[in-house]
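Have a look at the structure below before the remarks.
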Amino acid sequence: MADMSRRSDFHWCRGRSGKCDWGQLLPEGTKTWECRKCGGLNCGLEHHIAHPGLTCKEFVVGVWVDPEAMRFIRRTHKQCPGAGCKAWIEKAGQCHKMECKASLGGCGIYFCWECKVIFPAGVHEHLYSCEKRNGYCGGKGVPKPGQKDPKYKPNWDKDLEFVGTGKEYSGSKSLYHCCHSQADRI
């Protein structure tokens with residue numbers, strides 16, 4: 001499955017629990033698909049759970065009100081740290097440098113998935129305490145921005161319910177992609 005997950009037509013299941021370890025190859029243009037293992041419904045256009053009645057952009061910026069879906073999102077996504085941005089971001093592979101894509105309803109900033117520090121395109125900055133600071137692309141250490149920094153939303157560094165999916169650094173593409181990935185078709 002690992003080699004197959006690198007294909008552009010491969011989708012990991014985001015179904016019922018967010019922890020399903022199954023994926024499937026989908027024909028181009030598949031809008032919704034059901035996981036053969038857990039029965040979870042998934043979006044075939046982007047890499048997230050199914051969202052009947054909402055466009056992918058509406059889903060990403062949180063137009064839904066279903067409490068069960070919101071609980072799932074809080075456990076498997078992180079909220080963009082940018083001031084005024086409402087995008088929930090799912091990381092399903094590649095490195096830690098993320099772009100909150102404006103074309104999908106995000107604000108266009110770049111930030112570190114681990115410490116959530118915002119940085120300009122092409123520059124890597126991390127909190128001094130970030131485990132990714134001395135990793136793949138290094139980056140200079142910066143002190144933690146204050147809660148009143150105008151670039152950041154209040155409590156930007158808090159994702160209290162996030163537990164992840166276990167696929168954050170796998171080989172598949174993510175909805176808000178790593179800037180180094182070859183994955184332009186998201």
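The values are calculated or read from the model by the stated rules, or taken from the named source; none is laboratory data. Here the structure is a predicted model, which is why all the values come from computation and not from measurement. In this analysis, Cβ positions are derived from the backbone assuming ideal geometry, glycine residues included, and neighbour counts consider all displayed protein chains.
With the checklist (1) closer than 20 Å to GLU161 by Cα; (2) among the acidic types (Asp, Glu); (3) modelled with pLDDT under 85 in hand, flag the one item GLU125 doesn't pass.
Status for GLU125: all satisfied but (1).
Does the range 112-121 include one or more residues that are more than 18 Å from VAL163 (Cα to Cα), among the small types (Gly, Ala, Ser), touching a Phe, Trp or Tyr at 6+ places or on another chain (Cβ under 7 Å) and surrounded by fewer than 19 Cβ atoms within 10 Å (Cβ to Cβ)?
Yes.
Any residue that is at pLDDT below 85 and among the acidic types (Asp, Glu) - is there at least one of those in the range 142-149?
No; the residues of the range 142-149 include none that is at pLDDT below 85 and among the acidic types (Asp, Glu).
Could you pull out the residue among CYS178, CYS112, CYS130 that is touching a Cys at 6+ places or on another chain (Cβ under 8 Å) and modelled with pLDDT under 75?
Going through CYS178, CYS112, CYS130 in turn, the sole match is CYS178.
Quick check: is even one residue across the range 154-173 crowded, with 20+ Cβ neighbours inside 10 Å, at pLDDT 80 or above and outside any helix (DSSP H, G or I)?
Looking for residues that are crowded, with 20+ Cβ neighbours inside 10 Å, at pLDDT 80 or above and outside any helix (DSSP H, G or I), one finds at least one in the range 154-173, hence yes.
Can you run down the residue pairs with Cβ atoms below 9 Å, 6 or more apart or on separate chains, where the first is in the range 143-163 and on the phi > 0 side of the Ramachandran plot and the partner is assigned to a loop (DSSP other than H, G, I, E, B) and of a type outside the set (Ser, Thr, Tyr)?
Cβ pairs passing all conditions: ASN155/GLN147.
What's the total number of residues in the range 83-115 that are among the hydrophobic types (A, V, I, L, M, F, W, C) and within 9 Å of the chain's Cα centre (by Cα)? First the steps, then the outcome.
If we filter the range 83-115 for residues that are among the hydrophobic types (A, V, I, L, M, F, W, C), which is where we start, we get 83, 85, 87-89, 92, 95, 98, 100, 102, 104, 107, 109, 111-113, 115.
Checking the rest, the ones that are also within 9 Å of the chain's Cα centre (by Cα) come to 88-89, 92, 98, 100, 113.
Here the count works out to 6.
Is it the case that the range 21-34 has a residue that's modelled with pLDDT under 80, crowded, with 16+ Cβ neighbours inside 10 Å and touching a Lys or Arg at 6+ places or on another chain (Cβ under 9 Å)?
no
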